[in-house]
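Just so you know, all these numbers are worked out from the coordinates, no wet-lab data involved. If you're wondering where the values come from, they're calculated on a predicted model, not measured in any experiment. Neighbour counts run over all protein chains shown; Cβ positions are idealised from the backbone, glycine included.
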């Protein structure tokens, strides 16, 4: 059909509808939300229409759907509620306009096919790909940059298409990736080493048009897949400028990093032979990795590229029309083209004077400038001789030479030559160059007026080796921190007479030029105070208009510092800087904060203008919070400032600030200001400078003057959600409060930023605010961002690693605030989750001694330790240890660093280890033993764990047919504060379990074979956790934990659960009731399939763990329930048997001694039924049996692995050779049966127990038979 128009809302009235096929029409608009009322729908097909917009969340109610064919539309988003349709197995979203996929997809445990090709998807949900039954995944033609790690765990995947994306790296766990029948990764940006498995096997591989190189090809043999043609190799630099008359040598190895010994390099003019794919020496003759270009006058731009062949590249086998072929895995590589240009005069000058701003005389306003040092250079292309002249008035000129007698001019000249005139002006003068050639009249250049920079206020030699140095001259005070430079140096402070003009609308104060003799950029900040500012008439709205500024010489413009500001009580502007240049302050003359709103505790001053950015941001806040969530009791509906109203955001800020201040006061942290606290609300911008200074890309920040005056800023451009606003207000107010107890401005920055995120819980309970800032910070740091490191990076270094131990003044600038905020998770753990007394975050502040705040951050560490010792009866090291294990346990999904959202819990650790298997926190030790390879492998790992830091070693068995016994040997000396734990995933409890190995020098663990069952329960992986509990008074190498361990991996037989065991199937065993019977143990086995019955068999609640009892004995504990329902025919009850089985197997891998114990509880019932008279009969349990089997067999070796007819496709089987062998190896045989007869109401009517007492060994062979599952 060609039906068109919007889908009617009335569709939702068809609540009994079971199928709706609207495919291949021209329906437009959005899907009506009412369609979610059609809950009986079994099929919904909307493919190939013009539907658009967000797919409504109401469709999550269509729980009976199994397919979602929504391809070929214009949908923009898929709702999170899609995860509620648990029966979905096939989703097709190809050819839409999606930009992301929802987290809810992960709830679709039965998903088999997911297609979302030809969209604009750039981000995927956390843990994307954790679908055990997934067969087909097509995300081609999107904008993905990441190959999802979880895809490496899929065993049933048949087709994976991630082609035509922007993926740069393969996942860290790719070595264990089971390559599907079709793998398409072409047209990406991959530049990783290729796993050998990709290039071997009969699957179909597409890897062309990536960024692969010869160096990425793995060693191996029997290659069956090629890599295709690749995109051009990227260069570190592609533009080269050469002065005329000079030459340049360009080495392609340096530009690309390619260094394979078999590479052969040929520079070509672009695009000659670009598409030529084979190494034909008739075309490629001049072999060299180095291109030499000589630039002559008048040369134009030239372009070249390098073509690279490699005669050592392996060959792969393939077929063409049935005929065998052999080709190189990679035929050739082209590099990006380079461009070689002649250098302009301006560029040559900039290269010659890299520290200076190079200006053409025509660019200088009024041909006049003033600076501390000026270099004049004549034109390049001249004939004859160049001389320089100077003039006091611009009229009378004097030659600059050795005989110059005009001292007022000579004093300005540092040096002169025909190529440059160097001036350090002390007096104002004019200068020009003179060209003289033979007998021709001289040619004079345009005069340039050069003035002195200003009045020199201070010019002395100073030293800061032992202490800070402070100088106050005129209206500026400068403090140089201790350690800024070693030895004596010169400090010059000049007050500028003619500073660069301020932008329009800004009033400039005094400007000073500061220089030191050793450089202009520093690692420690200088403290600046600009004084004598007239604050008369300045009100609260004006404070933000006074800003410290510096002159950007490169951009030739004034720029404001975001940090620092006006301190009213001292009539000064205070700030810090890492570089020296022209400094000053300005006033924004027309003011930007226009309105205010206040209550009895706080004043909110905000920006407002109709149709301004802030106006739009206030309205967005209303739509996101008030329009959806409703108004609050304190809200006034008049929100128009032009009508004496107040935006809802501003009203909320005032109300929540009052709550915060009241709560702080209740916790013993009173407000210390003399007036109402102020919050400035407006769009304060963003950018790299703001981020460095703590204000940009943040919702709130407090400046140095804010600490003194009692105010901070709230950035309305990031004020999206109310809870974010609340958390930010509490955070920044905590900073203000901290300043009353220690000096935040002059150091202590790490602790200030690690402590401030705790403020929200000081004000609001979990019922009033669900998500705390420390937990949000932690979850946001699961990956590194542009603003900070990942939590794994931080765990691998000392908790307080960023503290400035020697120079506390530097902390504000050396510590990344985002990292310190993430580190608050440790304090939050002690406050919220530790067992026992919680950490009192207010008490830490109240009892802190002010003197500690100005010493070093070591004092914070030791002070915090003393608080923990006195209040928590613990130590900071023990609490850090417990915190790291808590993060790794995963029992709190909002406060963990492992994957708890389904899929492999170890995935984040694998990702941190990366393709090099050694990350900042995790080291990945993995083993893959090929068939027949039984030789143990040793691996020595050495790494350093700093104080209050931790590291993890992942243990990973990638061998499919054998378990591994991994022996851990500690080779370093034990220290009481150096802890080691063995961790494994308890899939039943859904958490990581730890065992303390700190006192062990040797310990053996067993890793399951990488079978489907093991991967489902993650028994093929484990970890070793190393924690350094040391809390040093000072930072020293002696505080480090130098781990030195050896891991030895030995492949062993992979025994899972017992399928079946017997000691003869004949009745040769005697019981104490006089009976005889067979000794048969039925384990995890559907034995009923051997009988011609109409039945249904179920296996439920299966759980297996495997551990090492000691260095040689593995313990396998299994529990499961079985149920069989046998249909007996019409008018007869079904026979129902249920078994609860618990197995324990102890197997010594060295001696072969095996002990098997199984307890079985059997319940026998009749099902409910109707007899021939149609009389109903209720279900009835008539018997319960408790049974215990116990046997010990020695010398259990020589298993046979293979199928067991009608029982298992693959099992390990063992059998003794006959009676004598059985008697010599069977060391224990026990069997007890207790039988309970039951009334219909469950009352026991009879109990019978019998116990095995002995065994007859007749002449016929008596054998022990053992069968075990192995996958």
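Key figures for this structure:
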quantity	calculated
Cα radius of gyration and Dmax for region 1194-1251 (Å)	19.3, 51
Helix 817-832 axis, angle to the chain major axis (alpha carbon atoms, nearest 10°)	40
Between helix 722-738 and the chain: long-axis angle, C-alpha atoms, 0 to 90°, nearest 10	60
Alpha-carbon centroid distance for the pair region 616-644 / region 394-471, whole angstrom	63
Kirkwood Rh in Å, taken over region 83-157 so that all alpha-carbon pairs contribute	12.4
Label assignment, mean projected area of the Cα convex hull in nm² derived from the structure, set [x] 63.4; [y] 47.4; [z] 69.7	[z]
Binned Cα-Cα distance frequencies in region 373-451 - 10 Å width, integer %	19, 56, 23, 2
The chain: angle of helix 648-666 to the longest principal axis, Cα-based, in degrees nearest 10	80
Relative contact order [Cα under 8 Å, 6+ residues apart], region 4-216, whole percent	11
Coarse-grained scattering of region 1-60 at q = 0.15, 0.17 Å⁻¹, given as base-10 log I(q)/I(0) from a Debye sum over alpha-carbon atoms	-0.40, -0.52
Contact order relative to length of region 373-451, as percent, for alpha carbon pairs under 8 angstrom and 6 or more apart	35
Mean-position separation - Cα centroids, region 25-66 and region 286-311, in angstrom	60
Packing rank of 723-732, 328-337, where each peptide gets the mean count of other beta carbons within 10 Å, highest leading	723-732, 328-337
Projected-area average for region 456-588 over all orientations - Cα convex hull basis, square nanometres	8.3
Globularity index of region 592-740, i.e. its alpha-carbon radius of gyration over 2.2 N^0.38 Å	1.00
Calculated over region 239-297: convex hull of Cα atoms, volume per residue (Å³)	114
Kirkwood hydrodynamic radius of region 4-216, from inverse mean 1/r over distinct Cα pairs, in Å	18.0
Spatial extent of region 412-485: Rg and Dmax, with the Cα atoms as the point set, Å	20.5, 64
Ratio of the Cα radius of gyration of region 157-242 to 2.2 N^0.38 Å, where N counts its residues	1.19
Cα pair count fraction exceeding 19 Å, expressed as % - region 193-268	51
Residues 657, 404, sorted so that the one with the fewest Cβ neighbours within 10 Å comes first	404, 657
Projected-area mean, region 239-342, by convex hull of Cα positions, square nanometres	7.7
Size descriptor, Kirkwood hydrodynamic radius, that averages inverse alpha-carbon separations across region 1058-1269, Å	19.1
Residue order, fewest to most beta carbons within 10 Å, for 940, 841	940, 841
Relative contact order (percent, whole number), region 172-284, Cα cutoff 8 Å, 6+ residue spacing	19
Using alpha carbons only: equivalent-ellipsoid semi-axes of region 904-1050, gyration tensor based, whole Å	28, 16, 14
Packing-based order for 821-831, 355-365, using average beta carbon neighbours within 10 Å, highest first	821-831, 355-365
Interatomic Cα distance distribution for region 127-205, bins of 10 angstrom, percent	20, 59, 22
Footprinting exposure proxy for 128, 320, 283, 597 (fewest neighbouring C-beta atoms within 10 Å first)	320, 283, 597, 128
Cα-projected label distance for residue 299 with residue 1179, points at 7 Å along beta-carbon direction, nm	9.1
Euclidean distance between Cα centres, region 1238-1271 to region 558-585, Å	89
